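Written below as structure tokens is the structure these notes are about.
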Amino acid sequence: MRFVRRNKWFLIVVVAPTLVLATYLYAMASNQYVSEAHFLVRTQGGTAAAPATGISAALGLGGAAGGAASGEAQSVSDYLTSHDVVETLQKRLDLVKLFRRPEADIGSRLPVEAPTPEYLLRYYQKQVDVHYDTDTGITTLKARAFRPDDAYRLTSTLLTLGEQRVNEINIRGFADAVALSRRQLDEAERALGQVQTQMTRFRQSERDVDPAGTAQAQIALVSRLSQELSAARAQLATTQALIGGNSPQVEALQQQIRSLESQLAAQNSRLTGGSSTIAAGLGGYERLRIQQELLAKRYEAASASYEAARQNAVRQQLYVARIVEPNMPVKSLYPKRALTVLTVFCALLVIYAIGWLIAAGVREHAA
């Protein structure tokens, strides 16, 4: 009893709380099992999600792809501790039931059977730890539960949800990356289709499949008639010089020349004589043809731009590389009984020592 009286405050401040804590930890606290997994977010080009560090980071020399992957890796880590994931896990695994197992002690398990989403999120964030290493780009995922298979299923499901999140990011990123090029390609395709429709209507209205070929054929006909007319005139001049102007042969040549002149005038009139001639129609057709060629080049350029944007977007696609698969825990890691008791004992001992020194100083000053 004398020992108790002399060390009353030591027993109250240090020993008693330590004994209470040790009793709870060793006699009441439930075992908690930890399942752990490691993963890495990478691009299709093989760039890991590790940002630049040191001088490179200060100078902004980090790769664009690596920076994008790093940002997405951190967003995945944030997602895995968000209320969205908690809601999904509640539907898939029944988190409330998982955190209220019968073997769980009252101090460790989820206290209420119907927690609010905010309360469930806070408890979940104590049981699940997601850490992103900025140096290596590796994300470490740990989940605690009161049964080994619960911890394993929780970690495996979280890893699957992380992969699904990356896939959703890829879908949105791909759509955003190629949207402008796809829109330009569609516009060029529509414009090219419209001018081709106009050319078809022109051929139908003119009843000419190849206006350019028809014009060339007409020019060739006019050229041939001109040559024949020139030859006939030369022959007439020679004949008149040799046999005179009253010969039946001369009259035949003169009739032939008049016929050729009539044909040449008619063909020239068809070629260039008015608004409905071949030349007028050929002008409209040539405008459509030139427009078609320009739009075809525009379409080719838009198609090449779209393909380049698509390939670039594919190269920047992200995927989750599983470095360490979730493990099925065998031995419980929590609570850390000996370490917790020792830590609390040392902390209380320091508090007691500080209080004792203060009290000793006050007594000495009073004396």
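Remarks
- Some residue of region 287-310 being of a type in the set (F, W, Y), within 48 Å of the chain's Cα centre (by Cα), surrounded by 12 or more Cβ atoms within 10 Å (Cβ to Cβ) and outside the structural domain of Y24 (by TED's automatic domain parsing): yes
- Some residue of region 149-165 being small (G, A, S) and buried (at least 21 other Cβ atoms within 10 Å of the Cβ): yes
- Index of the failed condition, T343 passing every other in (1) surrounded by 14 or more Cβ atoms within 10 Å (Cβ to Cβ); (2) in the same structural domain as D149 (by TED's automatic domain parsing): (1)
- The residues of region 92-110 that are surrounded by 13 or more Cβ atoms within 10 Å (Cβ to Cβ) and either of a type in the set (A, V, I, L, M) or more than 39 Å from the chain's Cα centre (by Cα) (or both), listed by number, are L93, L95, V96, L98, R100, R101, A104, D105, S108, R109, L110.
- For D105, the conditions (1) farther than 21 Å from L141 by Cα; (2) in contact with an Asp or Glu (Cβ under 8 Å, 6 or more places away or on another chain) all hold with the exception of (2).
The values are calculated or read from the model by the stated rules, or taken from the named source; none is laboratory data. Just so it is clear, the structure is predicted and the values come from calculations on it, not from any experiment. Glycine also receives a Cβ, built like all others from the backbone with ideal geometry; neighbour counts cover every protein chain displayed.
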